[in-house]
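Have a look at the structure below, then the notes.
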Amino acid sequence: MPAEPIPDLASACAAAIRDAFSDYDARFDAITRRARRRFETRDWTAAREDAIERIELYDRCVAEISLELEQRLATQAQDRPLWSTIRDHYAGLIAELLDQELYKTFFNTLTRRFFKTRGVAADIEFVALDIEPTDRITHPVARHSYAVSGDLAATVERVLAGYPFAIAHVDARGDAMRVAQALMTRHADWGEGGIVAIELLDTVFYRERRAYLVGRIFGRDHYAPCVIALVHEDGGLRVDAVLSTRQHVAVLFGYTHSYFHADLATVGDAVVFLRTLLPGKPVDEIYTVLGRAKQGKTERYRHFFGYLGANQEQKLIQADGERGMVMAVFTLPGYPLVFKLIRDRFAYPKNIAREQVQEKYRLVFRHDRVGRLIDAQEYRFLRFPREQFAGVLLDELLGECRESVSEDGDDIVVHHCYIERRLRPLNLYIKEVSEDAALAAVLDYGQAIKDLARSNIFPGDLLLKNFGVTRNGRAIFYDYDELCLVSECRFRKLPEARNEEEEMHHGAWYYVADNDVFPEQFPRFLGLSPNQRAALLAAHGEIFDVGWWQRLQANLGAGGFTDVPPYPEALRL
């Protein structure tokens with residue numbers, strides 16, 4: 001059978017790739033739409049299963065179209081000029097689509113897997129390091145607008161009625177009055193007229209056990225974000241909280257939470273709108289928290305390497321903090337990211353394999369992060385100029401991370417790494433800030449351990465160096481090599497020595513299994529001042545009590561659930 005003419009083959013492949021992403025998008029949307037039914041029926045187990053299914057969908061769809069292309073292209077599958085032509089045909093097919101950037105990322109994923117690309121292949125990929133793709137989007141996202149004519153509570157009641165659910169409000173009028181009072185109190189300084197309008201996206205955002213109405217409020221000369229959080233309790237639907245500051249909404253849409261399920265007709269216009277609410281939030285994090293993690297990775301790559309190329313005088317250096325036994329970590333001083341590479345060998349007493357470390361990161365990727373676990377994105381084959389590495393860092397990477405790093409002429413290729421937002425290590429932070437700020441961070445560290453535990457996560461290593469502090473002062477766990485499920489641990493009370501020989505024994509005189517945990521030992525190794533230690537014990541002493549962990553473990557085993565709101569208690573109505 002004669003070979004298909006190149007133009008026809010390229011056109012057919014381009015159409016197949018476009019259709020494959022459209023199919024992925026439709027399947028993504030179908031899973032996302034289930035969120036409303038899960039919320040209305042309080043089927044939280046199915047909601048968590050949906051979240052995992054949606055996360056795994058992208059790679060499944062990439063594998064399906066890869067197999068189809070391998071069969072169609074046969075011996076031409078590695079033909080770079082052909083793929084360049086396919087790309088050009090594909091660009092024409094998607095040119096009028098608002099979300100064409102998502103289609104381009106899908107195409108690049110395919111070429112990188114077919115050609116095992118190291119760095120960027122401009123001849124067969126879509127490359128745009130110097131432009132902001134969302135800048136061209138002028139299409140307004142669908143939204144509801146409400147003018148306030150004197151009675152803010154009445155307007156809020158209309159807002160709630162404008163988002164009907166298959167469940168009744170427990171007290172819609174009362175909720176509206178409480179929301180109105182909270183907004184008027186917080187924005188009393190807006191002056192004449194106060195709040196004059198409310199504007200909310202048509203789409204309801206769902207995550208874990210809450211639904212969110214997302215938008216903004218307007219005064220005559222001001223505006224602020226506005227997010228109304230709804231919960232479905234035994235009696236029905238009620239408003240749990242209203243968020244109306246950028247700080248609180250930024251945390252809600254932050255990199256320490258799981259992804260929203262929001263049935264958006266298109267994504268780019270929603271990203272543009274959300275950036276008006278959160279102008280300081282990187283566009284990659286907005287794409288990611290909307291569930292478009294691959295696009296988030298693309299935008300993160302685009303922004304970082306654009307910055308790296310424009311700031312060649314800056315050197316990549318070892319990140320601040322204690323040297324990790326499992327990970328080598330580096331950063332660029334002027335950019336808020338860290339790059340984490342698995343070492344070839346782990347120092348004693350670490351007893352874990354490389355594959356197990358990767359599995360810990362996969363666990364976090366799929367788990368409810370409850371605002372306390374940082375989102376670590378996995379990257380492969382990143383290419384850096386050798387000259388931008390500080391000498392001591394380059395020696396470390398080439399000497400201790402050879403499974404993850406190689407040299408290629410004037411470049412260093414990172415074969416595998418995790419990229420995270422850079423946080424200030426907690427053990428350093430409490431030495432650098434005021435006494436009050438340090439104490440607040442220590443207390444939030446205790447709350448972080450509780451929040452993680454209630455979501456069935458035990459950090460494994462509770463040392464302060466394994467937690468970081470965000471710019472909003474929140475304690476976040478980011479060292480995952482010893483992380484495990486609370487349900488897998490065996491929480492034990494320290495045995496009492498039976499004689500002097502046991503009491504004087506160097507190390508543990510009793511048997512300790514891999515999953516044994518002794519909570520009463522935790523405070524000994526934290527390195528806190530007496531005042532910080534006393535405050536931590538007073539506020540969160542339960543986390544050092546074996547009985548608290550055992551009761552929590554029993555509750556989790558019985559299917560129990562402890563709510564971890566993604567906003568401060570003070571914002572709850």
Original post:
How far is the Cα center of the range 532-552 from the Cα center of the range 93-111, in Å?
Top reply: 51
Original post:
At 20 °C and 1.002 mPa s, what whole-number value in µm²/s does Stokes-Einstein give for the translational diffusion of the range 1-76, with Rh from the Kirkwood sum over Cα pairs?
Top reply: 147
Original post:
Using the Cα atoms as the points, what is the convex hull volume per residue of the range 259-317 in Å³?
Top reply: 101
Original post:
Using a basic spin-label model with each label point 7 Å from the Cα along Cα→Cβ, how many nm lie between HIS222 and HIS139?
Top reply: 3.5
**OP:** May I ask for the Rg/Rh ratio of the chain, computed from Cα atoms with Rh as the Kirkwood radius, given to two decimals?
**Re:** 0.99
Subject >> All lysines inside 25 Å of LYS431 as judged from Cα atoms, apart from same-chain residues fewer than 8 positions distant >> reply: LYS340, LYS450, LYS465
**OP:** Give, in whole angstrom and from largest to smallest, the semi-axes √(5λ) of the equivalent ellipsoid of the range 52-95, with λ running over the eigenvalues of the Cα gyration tensor.
**Re:** 23, 16, 7
Original post:
All other residues with a Cβ under 9 Å from the Cβ of TYR90 taken together, and with Lys, Arg as +1 and Asp, Glu as -1, what is their net charge?
Top reply: +2
Subject >> Cα extents of the range 420-573 along the three principal axes, largest first (Å) >> reply: 52, 40, 31
**OP:** Under 11 Å from the Cβ of ASP151, count the other residues' Cβ atoms, weight Lys and Arg +1, Asp and Glu -1, and hand me the total.
**Re:** 0
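Got the relative contact order for the chain handy, in percent, Cα pairs under 8 Å and 6 or more residues apart?
Reported as a whole number, the value is 11 percent.
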Subject >> Nearest-0.05 FRET efficiency for GLU322 and SER434, computed from C-beta distance (R0 25 Å) >> reply: 0.60
**OP:** Might you work out the accessible area of ILE86 for me, using a 1.4 Å probe with all protein chains in place, and round it to the nearest 10 Å²?
**Re:** 0
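What shape does the range 278-398 take by its C-alpha gyration tensor, where a ≥ b ≥ c are the square roots of the eigenvalues and a/c under 1.5 counts as rounded, a/b above b/c as prolate, and the rest as oblate?
It comes out oblate by the Cα gyration axes.
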Subject >> Kirkwood-based shape ratio for the range 9-51, expressed as Rg/Rh from alpha carbons >> reply: 1.30
Original post:
Which GluC sites (Glu not before Pro) from the range 257-325 combine a DSSP loop assignment with at most 13 other Cβ atoms within 10 Å?
Top reply: GLU313, GLU322
Original post:
Once label points are set 7 Å from the Cα along Cα→Cβ at both GLN356 and ASN531, what is their separation, rounded to one decimal in nm?
Top reply: 4.1
Original post:
If the viscosity is 0.890 mPa s and the temperature 25 °C, what Stokes-Einstein diffusion coefficient in µm²/s follows for the range 228-352 when Rh is the Kirkwood radius over Cα pairs?
Top reply: 138
Subject >> Helical contribution to [θ] at 222 nm, DSSP H n ≥ 4, -39,500 (n - 2.57), averaged over the chain, rounded to 500 >> reply: -13500 deg cm²/dmol
Subject >> Sequence-distant lysines (8 or more away, or on other chains) whose Cα lies within less than 18 Å of LYS281 >> reply: LYS294, LYS297
Subject >> Charge context of ALA475, other residues only, Cβ under 9 angstrom, K/R +1, D/E -1 >> reply: +1
Original post:
Tell me, what is the FRET efficiency for GLU520 and GLU53 to the nearest 0.05, using R0 = 35 angstrom and their Cβ-Cβ distance as r?
Top reply: 0.30
Subject >> Zero-based 5 Å bins, Cα pair distances in the range 364-445, whole percents >> reply: 3, 12, 15, 15, 14, 13, 13, 11, 4, 1, 0
Original post:
Roughly speaking, what is the stretch gain from ALA74 to THR45, that is 0.36 nm per residue apart minus the C-alpha to C-alpha distance, in nm to one decimal?
Top reply: 6.1 nm
**OP:** Summarise the long-distance tail of P(r) for the range 401-450 by giving the % of C-alpha pairs beyond 17 Å.
**Re:** 58
Subject >> DSSP bridge pairs, the chain: antiparallel proportion in percent, nearest 5 >> reply: 90
**OP:** Report the normalised scattering of the range 130-253 as log10 I(q)/I(0) at q = 0.23 Å⁻¹, calculated by the Debye formula with identical scatterers on the alpha carbons.
**Re:** -1.48
Original post:
For the range 319-468, what does the equivalent ellipsoid look like in terms of its semi-axes, each the square root of 5 times an eigenvalue of the Cα gyration tensor, given largest first in whole Å?
Top reply: 28, 19, 14
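If you average over every viewing direction, what projected area does the convex hull of the Cα atoms of the range 180-228 give, in nm²?
3.7
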**OP:** At a Cα cut-off below 14 Å, give the aspartates and glutamates reachable from LYS350, other chains included and same-chain residues fewer than 8 away excluded.
**Re:** ASP461, ASP479, ASP481, GLU482, ASP514
**OP:** With the convex hull built on the Cα atoms of the range 322-375, state its orientation-averaged projected area in nm².
**Re:** 4.8
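The values are calculated or read from the model by the stated rules, or taken from the named source; none is laboratory data. As the structure is a computational prediction, the values presented were derived from the model and not from experiment. Positions of Cβ are backbone-derived with ideal geometry, glycine not excepted, and every protein chain shown enters the neighbour counts. Quick note on the areas: whole protein, heavy atoms, side chains included, nothing else; ligands and nucleic acids left out. Shrake-Rupley method; radii C 1.70, N 1.55, O 1.52, S 1.80 Å.
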